[in-house]
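Chemist: Take a look at this one; I'll ask things after.
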Amino acid sequence: MREQNGRPRWARVVLALAVAGLAFVPGAGQAAEAAGATAVSAAPSFDLVTLAGEAYSKESLKGRPALLMFWAPWCPVCRKELPVLGRFYQQEKPAQLRVISIGFADRRGNVEAYVKAHPETFVFPTAYDEDNWVSRAFKITATPTFVLLDSNGTILLVHRGGGINQNPAYREFLARLKS
């Protein structure tokens, strides 16, 4: 049986299970950091359109650092991290830092429904990664995954799993932004 996008249904299930399995690894964010997830490399080119119709690309983000959060509505770690990110965004009002959430590894309707059901959380731009093009370009293999870009579009940090606010490299970056 094939879905609307032409892929076999089992392929979507395998992708979802693989991504979910990585997301459930306790301490996945810290393990990724210890394994060298902090990296400095050029971000791939990408184009996204938010659910509100705003366009973002690697080029449009240049000039200000950006935190990209790749997530899926079915991911329990994402459901815990998204409100934390929303509170950070509202309390800190990071004028120097763009925050964009990117729903992927699920149908657009599921992402839109989740965003609509949680307006207090989604106070930052939220895009849908159609056919997972952007997540593949960034080599995202787990939900959630946070990607921190500097103002030139260079990847400073990739954090897999929950607990981005406890990541020492991320905290140091935020401290530098405030000073």
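Chemist: So how far, in whole Å, is the C-alpha centre of the range 114-179 from the one of the range 77-93?
Modeler: 11 Å
Chemist: Follow-up question, since we're still on this one. With respect to the cross-link table entries K62/K116; K58/K93; K62/K139; K93/K139, which display a Cα-Cα separation exceeding 24 Å?
Modeler: Checking Cα-Cα distances, K62/K116; K93/K139 exceed 24 Å.
Chemist: Among the aspartates and glutamates, which have Cα under 20 Å from the Cα of K178 when same-chain residues fewer than 8 positions away are ignored?
Modeler: Correct list for K178: E92, D150.
Chemist: Need one number: nm distance between label points at V49 and A137, each 7 Å from Cα along Cα→Cβ, rounded to one decimal.
Modeler: Distance between the two pseudo-spin positions: 1.5 nm.
Chemist: Please compute the volume of the convex hull spanned by the alpha-carbon atoms of the range 98-179 and report it per residue in Å³. It would help to have the intermediate numbers written out before the result.
Modeler: Details: hull volume 8.9 nm³, N = 82.
Spread over its residues, the Cα hull of the range 98-179 gives 109 Å³ apiece.
We did not get these values from a lab; they are worked out from the coordinates using the rules stated. Everything numeric here is computed off the predicted structure, so don't read it as measured data. All Cβ positions, even for glycine, are placed from backbone atoms using ideal geometry, and neighbour counts span all protein chains on display.
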